[in-house]
Amino acid sequence: MSFLLCWSFKKREKFVKSASLSKAKPIAAVILSKKKPRTQTRSRDLNSVTTKTIARILREKRKHRTAMEGEQFSSRESQQEPRVVPEPLAVAAACSDEDDIYENTTVFQEDQEQTEGPTHSGEKSSRSPNSSMTTKELQEYWRNEKRNCREVKVLFEISSARIVDKPLSKYVMYQIIIVQTGSFDSNRSVIERRYSDFERLHTNLLKEFYDEMEDVLFPKKSLTGNFTDDIILERKLAFQDYLRLLYSMEYIRTSRIFIDFLVRAELEEGYSCLRGGQYAKALQVFLDVVVLQEKLTKHRPILVVPTLCAILVCHKDLEDARSAYEFGEKALMRLEKHPSHRYYMPLLETMLSLAYELGKDFVSFQDKIDERKARKRQNKMVTLKELAVLEYIH
């Protein structure tokens, strides 16, 4: 009996296990079947998010590209705008502004120059292109415009050297050729300087511009062999590079020390001849040096006024009133904005007498003289020649 009970109990236990296994299998299948679509849904969500992000990035790139293309198009349109032809007054104002820039960028002044007074409205008038101009006049106008836009530089070249043998001294003179670049320069300036002149220039520049000059090498003097061909050739090339390096530095090339090195010797010779009554010789010296001065003083054209007035005096004493009047106009053009300059009133007086002699309009000069006298009372009026002969007196 007990045996039968055990057997039935075991049978029941096996039946329960088999039933539980048969029930567990479909439950697991159901669970797996439920998990699978959830995973697919999540992957679809990720795909949709990625697609949205990419689409947003593409839209932003498209907007950025469109904006960039719009800016480039607007810049091209602004570059391709038709050039506005300047009116005469506008051109005159531009010329006036350019002169102001020249005057404001100076780094030195004349020793005897007075304080410059207020500017006057003596502006230059310029001609603008119009339909009434001929083809030749239009070509000349645009040629001048193009020439004015070119960058003007000065090139130094030491072409030759010669040995000067005097009873008490012997030295080498180096010939320096100065040419203005940017356009064809038919007026080459030629000067001569010796080693001691270069050495004095270097010493003075070191005192005034030590920071700019501390790295500039200067050709050293040799104890022996200074007159051999090899040494002379070596120094020619060294001095040529030295001058070009100095001119490349703005503070140096606009300094009075550098300009005096290039023109002072010739100016002293010219004024010495003028004081001695050798007007023809003085005139030739001044005509040569004024070309070089104009190349070196683009930053401040007023520095050429004394030389132009000296040329006027020479022409006047040589009884060439027409040439004297021509150079007087050049000097007066540079002084229109500087009525307090020491040369202004004597130049007006001289131009008044020259205009009367040549049968030109002298009323305008008289009006300027009266206007200046009404503003500033002058006890004693010196003549233009008296001013000229006092230049460069040691």
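Every number in this text was worked out from the coordinates using simple rules, so none of it is lab data. Keep in mind that this is a model prediction, so the values were computed, not measured. When we count neighbours, we look across all protein chains shown, and the Cβ atoms used for this are built from the backbone with ideal geometry, even at glycine.
Tell me, what is the percent relative contact order of region 256-394, built from C-alpha pairs under 8 Å that lie six or more residues apart? Don't skip to the answer; put the middle values down first.
On the way: 135 pairs, mean separation 30.5, N = 139.
Once divided by the residue count of region 256-394, the mean separation gives 22 percent.
Does region 154-253 come out rounded, prolate or oblate, given a ≥ b ≥ c as the square roots of the eigenvalues of its C-alpha gyration tensor, rounded meaning a/c under 1.5 and, failing that, prolate meaning a/b above b/c?
Note, shape of region 154-253 comes out oblate.
With the cut-off at 1.5 for a/c, could you classify region 267-338 from its C-alpha gyration tensor as rounded, prolate or oblate? Display every interim value, and only then the final one.
Working: a/c = 2.24, a/b = 1.35, b/c = 1.66.
Verdict is oblate for region 267-338.
Can you give the relative contact order of region 154-253 as a percent, counting alpha carbon pairs under 8 Å and 6+ residues apart? Kindly include the intermediate steps, with their values, before the conclusion.
Working: 109 pairs, mean separation 26.2, N = 100.
Value for region 154-253: 26 percent.
Quick check on region 312-381: take the gyration tensor over C-alpha atoms, sort the square-rooted eigenvalues as a ≥ b ≥ c, and tell me if it's rounded (a/c under 1.5), prolate or oblate. Could you put the intermediate results ahead of the total?
Details: a/c = 1.87, a/b = 1.63, b/c = 1.15.
Prolate.
Taking N as the number of residues in region 256-394, what is its alpha-carbon radius of gyration divided by 2.2 N^0.38 Å?
Working: Rg = 14.8 Å, N = 139, 2.2 N^0.38 = 14.3 Å.
Output field value: 1.03.
Using 26 Å as the Cα-Cα cut-off, could you pick out the over-long pairs in LYS220/LYS295; LYS298/LYS330; LYS170/LYS298; LYS166/LYS316?
Numbers: LYS220/LYS295 30 Å; LYS298/LYS330 14 Å; LYS170/LYS298 37 Å; LYS166/LYS316 38 Å.
Beyond 26 Å between Cα atoms: LYS220/LYS295; LYS170/LYS298; LYS166/LYS316.
By count of other Cβ within 10 Å, fewest leading, how are ARG56, ARG193, ARG342 ordered? Intermediate results must be reported in sequence, preceding the final value.
Working: ARG56 10, ARG193 20, ARG342 16.
Result, fewest neighbours first: ARG56, ARG342, ARG193.
Relative to 2.2 N^0.38 Å, what does the C-alpha radius of gyration of region 222-319 come to as a ratio? Two decimals please.
Numbers: Rg = 17.1 Å, N = 98, 2.2 N^0.38 = 12.6 Å.
Against the empirical 2.2 N^0.38 Å value, I get 1.36 for region 222-319.
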